[in-house]
Amino acid sequence: MAVHTRHPIAAPPAAPVRESTGRLLLRGYTIFILFTALATTFWFNLIGAVGLVILVCATTLVSGVLWSVLRPAIAWRQLPWLPLAYVAWAGASVIWSTWRDATVLTWVLLAATTLQGLFVASVLTWRELVRAIASALKWVMALSILFELWVSLIVRHPILPNFLLWDGDIVTELDWSRNNLFDGGRIQGIVGNAHLLAVAALLAIIVFAIRIASGAPRTTLLYGWIALSAFLLWRSSSGTVWLAAVAVAVVLASALLMRTTKRPGERTKFYVAYAIVGLGGALAVWLARTQILGLLGKSSDLTGREGIWNDVWARAIEHPVLGWGFSTPWLPWVPEFDAWIVVNDLTVFHAHDMWLDAFFQLGAVGLGLLVLTYAALIWRAWFFAIDRPRWDLTADRPYQALTLLPALVMTVLLVQGVAESRPLSEWGWLFVVMLSHKIGQSPLLGEGPTERRLTTERGEQVERIGP
């Protein structure tokens, strides 16, 4: 017989699922890794070269231990084999390297950066990854403005690495801060370099905007962070980064336009239009390069870079197949680098172009591996951004803002790589490995070994953002 009851048949109410302390600590640790990569020069200026090497080795050891304990699920066939092949070739160059000690030391740093990129991508979901990048960039932006305020209001002198004061009248390339916050000059932040600060600020604007578009909480604060990042971008005044910002805007508009297509054939006309506009734009920029560089505060030879490129090229073609041996950066105390190329009384420590630098160090083989690495990542990042998420017969799932991140980051790295070799090391290389690995393991948000496991454990909901 039926039994009446006043109790509902639904499950009793319960507190929402909360992340474990261990998970929070892991995310905090990954934020520290990303901050260290984004602000490597901060640690160099703070604790010196030896301290930086110890820090990198210690964090790499910790990551290795955590990886062995956590054992994140990995699809081994989808590992980023091209970046790993580049790292392996760089390590093999010790056999023929002209500067073997430099090769060994810088390769250890490259391998450590590669392992960290694999580790971060393996233990975080896509949403956690974007949140971690945003948190690391908040630290860089906040500490940069606080550092400049401290120098201008308290110290009132330019400051050298290790907090040494400079009381002379000549501004040097070694300055950590030039005390320019209130005099209208270029500021350098905690990274001690106006260009690096500008790149970090542009990256911060991209990540914070994606967080807002993804429906993140406390959007008012995120708008405040964007305003601070925009101020630092403006005051750091890097011509290369302004060009990168324009390129990011073009790629973003193109990706959003591609998302409006309803049928596969509709994309063809857009690709044709992109090709025409791209070739026309490149020709216009080349013909008007002197005027454009003048507006950006650069000379027609990109502030001496043309001379550097000529010297590096002349030496690179002496060993065109294998190169001279890996060393990123060039260690200035190595006899072959010491006083080879000098700018502003300082030995240059990279070729100011990542493609030329790779060719100089690792020859045509290394350059080919680097080109393939970037080509593969750009290809996957582009379709990760413009394709609807689909893993079954449902073909009308909404686009998500987060999927734009890899394509926009790669745009920044490509433009930066024209005039800098930084994308071959530090945060640039970490992001290349990290994004290559993450897209390979999880080509769709919520899909992939790590994504599915953590989504099940934590009840993570997929954000649904319109096109």
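Report yes if Ala134 is farther than 19 Å from Leu408 by Cα and either out of contact with any strand residue (DSSP E or B) (no Cβ under 7 Å at 6 or more places or on another chain) or free of Cβ contacts under 8 Å to residues at least 12 places away in the same chain (or both), otherwise no. Spell out the reasoning first.
Values: farther than 19 Å from Leu408 by Cα: no; either out of contact with any strand residue (DSSP E or B) (no Cβ under 7 Å at 6 or more places or on another chain) or free of Cβ contacts under 8 Å to residues at least 12 places away in the same chain (or both): yes.
So Ala134 does not fit the description; no.
Residues checked against (1) closer than 18 Å to Ala134 by Cβ; (2) surrounded by 11 or more Cβ atoms within 10 Å (Cβ to Cβ); (3) at pLDDT 60 or above:
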site	(1), (2), (3)
Ala2	no, no, no
Pro13	no, no, yes
Glu19	yes, yes, yes
Leu26	yes, yes, yes
Ile33	yes, yes, yes
Ala37	yes, yes, yes
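Regarding Leu146, is this residue surrounded by fewer than 19 Cβ atoms within 10 Å (Cβ to Cβ) and closer than 25 Å to Arg178 by Cβ?
Details: surrounded by fewer than 19 Cβ atoms within 10 Å (Cβ to Cβ): yes; closer than 25 Å to Arg178 by Cβ: yes.
In short, yes.
Could you tell me whether Ser229 is in contact with a Phe, Trp or Tyr (Cβ under 8 Å, 6 or more places away or on another chain), touching a residue at least 60 places away in the same chain (Cβ under 8 Å) and under 23 Å from Thr36 (Cα atoms)? Break it down stepwise before answering.
Details: in contact with a Phe, Trp or Tyr (Cβ under 8 Å, 6 or more places away or on another chain): yes; touching a residue at least 60 places away in the same chain (Cβ under 8 Å): yes; under 23 Å from Thr36 (Cα atoms): yes.
In short, yes.
Name the single residue, out of those in region 214-229 being surrounded by 15 or more Cβ atoms within 10 Å (Cβ to Cβ) and of a type in the set (A, V, I, L, M), that is nearest to the chain's Cα centre (by Cα). If you could, list the steps in order and put the result at the bottom.
So in region 214-229, the residues surrounded by 15 or more Cβ atoms within 10 Å (Cβ to Cβ) come out as 214, 216, 222, 225-226, 228-229.
Okay, now just the ones that are also of a type in the set (A, V, I, L, M), so 216, 222, 226, 228.
Values: Ala216: 22, Leu222: 20, Ile226: 18, Leu228: 19 Å.
Only one residue tops the list, namely Ile226.
So which residues in region 98-140 are touching a Leu at 6+ places or on another chain (Cβ under 9 Å), of a type in the set (S, T, N, Q), farther than 18 Å from Gly428 by Cβ and surrounded by 19 or more Cβ atoms within 10 Å (Cβ to Cβ), if there are any at all?
Hits for region 98-140 are Ser122, Thr125.
Test Thr103 against the criterion of being in a helix (DSSP H, G or I) and closer than 22 Å to Ala364 by Cβ, and give yes or no.
Numbers: in a helix (DSSP H, G or I): yes; closer than 22 Å to Ala364 by Cβ: yes.
In short, yes.
Can you name every residue in region 173-196 that is over 24 Å from the mean Cα position of the chain (by Cα) and closer than 11 Å to Ser237 by Cβ?
Those that are over 24 Å from the mean Cα position of the chain (by Cα) and closer than 11 Å to Ser237 by Cβ: Asn180, Gly184, Gly185.
So, in region 399-427, how many residues would count as being in a loop (DSSP other than H, G, I, E, B) and either at positive phi or acidic (Asp, Glu) (or both)? Give the steps one after another, and end with the answer.
Residues of region 399-427 that are in a loop (DSSP other than H, G, I, E, B), as a first pass: 399-400, 420-421, 425.
Now restrict to residues that are either at positive phi or acidic (Asp, Glu) (or both): 420.
Residues that pass the stated criteria total 1.
Hey, Thr261 hits all of (1) part of a helix (DSSP H, G or I); (2) modelled with pLDDT of 75 or more but one; which does it fall short on?
Tallying (1) part of a helix (DSSP H, G or I); (2) modelled with pLDDT of 75 or more, Thr261 fails exactly one: (1).
Between a residue in region 246-263 that is closer than 14 Å to Leu202 by Cα and any residue that is crowded, with 17+ Cβ neighbours inside 10 Å and of a type outside the set (Gly, Ala, Ser), which pairs come within a Cβ distance under 6 Å, given they are 6 or more apart or on different chains?
These pairs meet every condition: Ala247/Thr411; Ala247/Val415; Val248/Leu408; Val248/Thr411.
Report whether or not Gln78 is among the polar types (S, T, N, Q), surrounded by 20 or more Cβ atoms within 10 Å (Cβ to Cβ) and within 30 Å of Ala209 (Cα to Cα). Spell out the reasoning first.
Values: among the polar types (S, T, N, Q): yes; surrounded by 20 or more Cβ atoms within 10 Å (Cβ to Cβ): no; within 30 Å of Ala209 (Cα to Cα): yes.
Here the answer is no, as Gln78 does not meet what is asked.
Looking at Arg235, Arg218 in this structure, which one is on the phi > 0 side of the Ramachandran plot and at pLDDT 75 or above? It would help to see each step written out before you state the result.
On the way: Arg235 fails: on the phi > 0 side of the Ramachandran plot.
So the residue among Arg235, Arg218 that is on the phi > 0 side of the Ramachandran plot and at pLDDT 75 or above is Arg218.
The values are calculated or read from the model by the stated rules, or taken from the named source; none is laboratory data. Please read all numbers here as calculations on a predicted model, not as lab measurements. Every residue, glycine as well, gets a Cβ built from its backbone with ideal geometry; the counts of neighbours run over all protein chains shown.
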